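A.B. asks: Just dropping this structure here.
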Amino acid sequence: MVSAEEKLKERIKELTCLYDVTSIIVNCDYNEIEVGLQAIVSCLKNAWQYIDDTYVVLKTNDYHIISKKEHTDYVFLSSAITLFNKEIGTIKVGYPSKKYSVLDFLEEEQLLLNNVCLEVGNLLERKEIKENEILIKRQVEQSDRLRILGEITAGIAHELNTPLANILGFAELLKDRNKEDAQATKDVDKIINSAIYSREVVKKLMFFACEMPQQKSLVNIIPICKEAIELLKPILKTKSIAFNFTSSNPEIALKIDRIQLTQVLFNLVINAIYFSKEKGVIDLEIKDKSATVEIHIKDQGSGIDSKLGNKIFEPFFTTKPVGDGSGLGLSVVHGIVKSHKGNLSYSANTPKGTIFTVTIPKL
């Protein structure tokens, strides 16, 4: 039988716990949520009737925090932690089963546990709202930067197109007039190759700036992929790279711009070739799913540093040495995929290398 004095002491402990938990949550830094949850677990342990035997477990999708465990088997009181009305975890408070039963818990302790779980859920909701606000702000800032950059690059591309065409035209004339001079022919060839490379950069700029009109139609993408691979075979041979192509279906229909799909494949496979070692293997796998089509390009290269994140999709960002890349390839691919309402992502390959995944919805 619990005396009135003991009941009063328990109520004071419970109210103190609820006050302390509220203070922890109010002052909790969103970057140090785990520290706050550890403090809440300590508060709960001190609020129970038999403090020395109390064991607390807080578990969610992202956190798993426990107090010191003295025994192997416990009887528990439990309450759910909810995030936007969806259960994501629990807090359990237990006594060792050899000494106690469920009847040793107080009714007020269950109410306290319910209130603490409610407060923890509110804290995690506020954290998620804050993170979403930061993410949306970054996306808006990135969108503004890309829009401005798109306008600038579109202007640059238009300005460069005419002089590049002139350079190529006059270089071809010079080559015809100096056929007998071998050195002059070689020098002119260098001019022509440099101009062609520059023209390709301009094309990428125009793709990035959305200046290339799309011509979407419902097509079987398998022949398009096979044609792209055929065109890339000479480059694959230079490094003795094996190329494997697989598809879940012989015919996969997508409403897509076939030229832009080829551009996507070219950029991703050429990147895979660049970072692959000699006699490496590149796999192109197409999966036909119920609502989407997935294109996976896997290499066995050096992989991508996880610290880079989505920076690799930003215009002019490149990990290649100066002169080896414009930094526009992946941003162009990203833009094309987004214009088809799709998604471009990457992950680590096993045991080494990178997997780029293009996901395009069936519209």
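The values are calculated or read from the model by the stated rules, or taken from the named source; none is laboratory data. None of these values were measured; they are calculated from a predicted model. Glycine gets a Cβ as well: all are built from the backbone with ideal geometry, and neighbour counts include every protein chain shown. Just so you know, the surface numbers come from the protein's heavy atoms only, side chains and all, with ligands and any DNA or RNA stripped out. Shrake-Rupley method; radii C 1.70, N 1.55, O 1.52, S 1.80 Å.
A.B. asks: Would you check if there is a residue in the stretch 261-280 being assigned to a strand (DSSP E or B) and of a type outside the set (Val, Ile, Thr)?
C.D. replies: The answer is no, given that none of the residues of the stretch 261-280 is assigned to a strand (DSSP E or B) and of a type outside the set (Val, Ile, Thr).
A.B. asks: Yes or no: residue 297 among the aliphatic types (A, V, I, L, M) and either without any contact (Cβ under 8 Å) to a residue 40 or more places away in the chain or farther than 20 Å from residue 352 by Cα (or both)?
C.D. replies: Taking the combined requirement at face value, the residue does not satisfy it.
A.B. asks: Could you please find all residues in the stretch 267-313 being closer than 30 Å to residue 218 by Cα, among the hydrophobic types (A, V, I, L, M, F, W, C) and surrounded by 16 or more Cβ atoms within 10 Å (Cβ to Cβ)?
C.D. replies: Selection gives 268, 269, 272, 273, 282, 284, 286, 293, 295, 297, 313.
A.B. asks: Test residue 45 against the stated conditions and say whether it is open to solvent by 80 Å² or more (accessible area, probe 1.4 Å) and closer than 26 Å to residue 104 by Cα.
C.D. replies: Considered against the rule, which asks whether it is open to solvent by 80 Å² or more (accessible area, probe 1.4 Å) and closer than 26 Å to residue 104 by Cα, residue 45 comes out as no.
A.B. asks: Filter the stretch 77-100 down to the residues that are without any contact (Cβ under 8 Å) to a residue 40 or more places away in the chain and part of a loop (DSSP other than H, G, I, E, B), then identify the one that is farthest from the chain's Cα centre (by Cα).
C.D. replies: Checking each candidate, the answer is 98.
A.B. asks: Can you pull out the residues in the stretch 50-76 that are assigned to a strand (DSSP E or B), surrounded by fewer than 16 Cβ atoms within 10 Å (Cβ to Cβ) and within 30 Å of the chain's Cα centre (by Cα)?
C.D. replies: If the condition is that a residue be assigned to a strand (DSSP E or B), surrounded by fewer than 16 Cβ atoms within 10 Å (Cβ to Cβ) and within 30 Å of the chain's Cα centre (by Cα), then 59, 64 are the ones that fit.
A.B. asks: From the list 127, 175, 204, which one is within 36 Å of the chain's Cα centre (by Cα), open to solvent by less than 70 Å² (accessible area, probe 1.4 Å) and modelled with pLDDT of 70 or more?
C.D. replies: Only one candidate qualifies: 127.
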